[in-house]
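Only one structure is covered here, and it is reproduced in the block below.
A short reminder: the numbers here are calculations on the coordinates, not readings from a lab. These figures come from a predicted structure and were not determined experimentally. For neighbour counting, all protein chains shown are included, and Cβ atoms are generated from backbone atoms with ideal geometry for every residue, glycine included.
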């Protein structure tokens, strides 16, 4: 008997037939005597069609109204699941974000959870109900409005609820069998990982593996809540995301991830004097642009070049901001290169093994791939390369680090 | 400068293009300096498709969950209208039923408004916002859930808000040009009525004219709130629904309405002794069936026949209930006749003019139409006739009472 929070994503609740399969899973766990809280996303495609309506309504839809609109999606899936469960004789109740006591700040479309008042959920759990919670949404008392937590926010709802309710574990059901050593569409030999640390998962999520929302992993790490990621379509064992364990270090590299949604911008011939770099980054911060990697090459005659990468969909905005800054500081020109991407290796094993980065660079060089930029952390090495060489690089690294082979985890 | 509550029905908000037309209307009235509260329904078809999903989920969907599901529809239209208005520089905010302070009893799917806390709406009106309210829904604190007011409930939302906010008038925008003397699909000469009394409107609504939800008219009558019913697609003057005025009595008959969704049930050879009729109606009340007309024919040998009409979709349920009762009281048989309908004339003029009913019966008789049952009120006469003769009867009565001619209303 355990206390379980489950979350089912959009593809798992895409229609009533699939919701009935979700009900099967929930019912069987409930029958074992577990306490069950089930977080649902909107039906796959629903959020996109709501966004489409908003675009038709306005070029720049008001964010408060956007949240009102988007929060309607989960109000469709949660009562449907509760109906199905009730029609099978299982007591169930659907609760909106507000009814679930999920209170956020007032930052519409990207709100953060401030506190969770668990009273109402516990009231229904004590009446032996399955509690079906609307993911992705909360309520801000500050602005007296519904808010949403951003794309993938239902993961965060589930983990935050699991923490607040002191559940035993949080199960995230999605359309893949768990976390893989790399993208199986590129490397068919990619292997499902049994157990991965929060830190590795965070690096992988932020580098582009779309299994879990980054913030949900941060939350789980902070409160040490074990997450099980598994498929709602198969009966595979999935991947446990947990605190780091000694055995994890025996694996040199846990995964290869990539990100093709990158653009590189170079500001050429920047006068190498104090304040110039500050002007450049001020102009980006001013436009709320996330800069990822930065390199600076000192050249001749007191001139330097600064290159940086930004998400593709922000490149135009970044470019116009940087052109302004460049003319102000009298840099020669600003160049945008869109044919770039990032490939990274991740693993807590890097802490205890040396030479991992060198081996990565050699594998890429042997494959004839030129590295344009590099960044590293304690458990990650990332390289910017040409976008059209990403797939090849992923294969080379997966093979080179022998990641298709199951490692002994004691 | 006036304080106006407007309501737009499902066909008026069926897509973003139509919502933009609604925004045009709202904007022009706002520009005249009026205070505006706008109540919206869900997009036409949306409620039906949600009901369809619920049917797929369960044969007998839980009503509390049904309300959660159905209340998602207006959460799509209200933020879209607010977005459109804001993008045109008009301050606007969308509010759910709960945020609008609409509190109901806990009777899911057919809740009644208990009280309206106008604080929040006034807060936004004082900030010079157009307040866009979700129709059809409220919140019950008793059951801590969203509730819905039944089909057509947005009319009631609009009228109840107009009353609670002490607005000057309530405008109901729909897909017809106002209230007509009869159904223009049957009688092309049907004439739009300029002004009709609450009582006439109530009779017409409850008899089957689907322009306004009955309860909204009761509400308006109780608080003397003038309602203007008009088309959101044309610029016609519409119909005012107001308290009775002396001039209205000059019109003999205001409208002819009909209802084809009727069934007649006859319990034949009922022993004519105390308690038998009670048994019969107890069995119907027990199944929550609305009986409309009742006639009893006393026959020979202490036996009597009782005929009654019920809505078509309840006829099967009524039949099985009545068969039980009939065998208990030893009635000979229970007969269902589905080829029946009801045609009615309505008008406050009947109070001051005699012979209206007789003239109706003569017109039908001259047309060769046999009357099976009759019921009357102060301002209405209804006849049950064969369903396949309804259209003919409507034409005969509309012609016979010369309703195509505009009456002088002083």
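For chain A, modelled as a GNM whose springs connect Cα atoms under 10 angstrom apart, the maximal fluctuation among A:356, A:26, A:51 occurs at A:51. Three principal axis extents of the range B:82-147 based on alpha-carbon atoms, in descending order, are 40, 20, 15 Å. Distances from residue B:88 to itself in the other copies, using label points 7 Å out along the Cα-Cβ axis, amount to 4.9 nm in increasing order. Averaged over the residues of peptide A:144-156, the number of Cβ atoms from other protein chains lying within 10 Å of each residue's Cβ is 1. For residue B:123, inter-copy separations between label points set 7 Å beyond Cα along the Cβ vector come to 2.2 nm, shortest first. The fraction of Cα-Cα pairs per 10 angstrom bin, counted from 0 for the range A:3-175, comes to 11, 42, 34, 11, 2, 0 percent, rounded to whole percents.
Does the range B:197-322 come out rounded, prolate or oblate, given a ≥ b ≥ c as the square roots of the eigenvalues of its C-alpha gyration tensor, rounded meaning a/c under 1.5 and, failing that, prolate meaning a/b above b/c? Prolate is the answer for the range B:197-322, as a/c is 1.5 or above and a/b outweighs b/c. Per residue of A:60-72, other chain Cβ atoms within 10 Å of the residue Cβ number 6 on average. Going by the alpha-carbon gyration tensor, a ≥ b ≥ c the square roots of its eigenvalues, is the range A:32-77 rounded (a/c under 1.5) or, if a/c is not under 1.5, prolate (a/b greater than b/c) versus oblate? Prolate is the answer for the range A:32-77, as a/c is 1.5 or above and a/b outweighs b/c. Between the helical axis of B:276-286 and the longest alpha-carbon principal axis of chain B there is an angle of about 30 degrees. Working note: Debye formula, equal point scatterers on the alpha-carbon atoms of the range B:102-227, no solvent; log10 I(q)/I(0) at q = 0.17, 0.18, 0.19, 0.22 Å⁻¹ is -0.92, -1.00, -1.08, -1.31.
Projected onto planes of every orientation and averaged, the convex hull of the alpha-carbon atoms in the range B:165-209 covers 4.1 nm².
Modelled label positions at residue A:234 and residue B:295, each set 7 Å beyond Cα in the direction of Cβ, lie 7.2 nm from each other. By Cβ position, the chain B residue that hugs the axis carrying B onto A most closely, with its distance in whole Å, is B:72, 2. Once a ≥ b ≥ c are taken as the square roots of the eigenvalues of the Cα gyration tensor of chain A, is the result rounded (a/c under 1.5), prolate (a/b larger than b/c) or oblate (a/b not larger than b/c)? Oblate, since a/c reaches 1.5 and b/c is not below a/b. Here the sum of -39500 (n - 2.57) over DSSP H runs of 4 or more residues, divided by the residues of chain A, equals -10000 deg cm²/dmol at 222 nm, to the nearest 500.
Among B:67, B:313, sorting on how many other beta-carbon atoms sit within 10 Å of each Cβ, with the fewest leading, yields B:313, B:67. Each part gets one Cα centre, and for the range A:111-151 versus the range B:116-165 those centres are 23 Å apart. The order of the peptides B:317-329, A:70-82 by mean Cβ neighbours within 10 Å, most packed first, is A:70-82, B:317-329.
With R₀ set to 41 Å, the beta-carbon distance separating residue A:332 from residue A:210 gives a calculated FRET efficiency near 0.60.
In the range A:184-256, Rg over Rh equals 0.94, where Rg is the alpha-carbon radius of gyration and Rh the Kirkwood radius from pairwise Cα distances. Once the Kirkwood radius over Cα pairs is known for the protein assembly as shown, the Stokes-Einstein relation at 25 °C and 0.890 mPa s delivers a diffusion coefficient of 79 µm²/s. Measure nothing fancy, just the Cα-based angle from helix B:153-164's long axis to the longest principal axis of chain B, in degrees from 0 to 90, nearest 10. For helix B:153-164, the angle is close to 60 degrees. Note on residue B:375 and residue B:405: with the Förster distance fixed at 30 Å, the Cβ-Cβ geometry gives a FRET efficiency of about 0.60.
Going from the residue with the fewest nearby Cβ atoms within 10 Å to the one with the most, B:129, B:353 rank B:353, B:129. Across identical copies of the chain, residue A:351 has label-point separations of 8.7 nm, listed in ascending order, with the point defined 7 angstrom from Cα along Cα→Cβ.
Rounded to whole Å, give me the distance from the Cα center of the range B:252-276 to that of the range B:193-238. Using only Cα atoms to place each centre, the spacing works out to 27 Å. Taken residue by residue and averaged, Cβ atoms of other chains lying within 10 Å of the Cβ of B:86-95 number 3.
With r defined as the distance between the Cβ atoms of residue A:358 and residue A:59 and R0 fixed at 60 Å, what FRET efficiency is calculated, to the nearest 0.05? It comes out at approximately 0.75. Note that the range A:341-400, at 4 °C in a medium of 1.567 mPa s, gets a Stokes-Einstein diffusion coefficient of 113 µm²/s from its Kirkwood radius over C-alpha pairs. Taking other Cβ atoms within 10 Å as a rough exposure proxy, A:390, B:113 sort from fewest to most as A:390, B:113. Between B:389, B:189, B:314, the GNM of chain B built on Cα springs shorter than 10 angstrom shows B:314 fluctuating the most. Just so you know, the Rg over Rh for the range B:261-339 is 0.94, from Cα atoms, with Rh as the Kirkwood radius.
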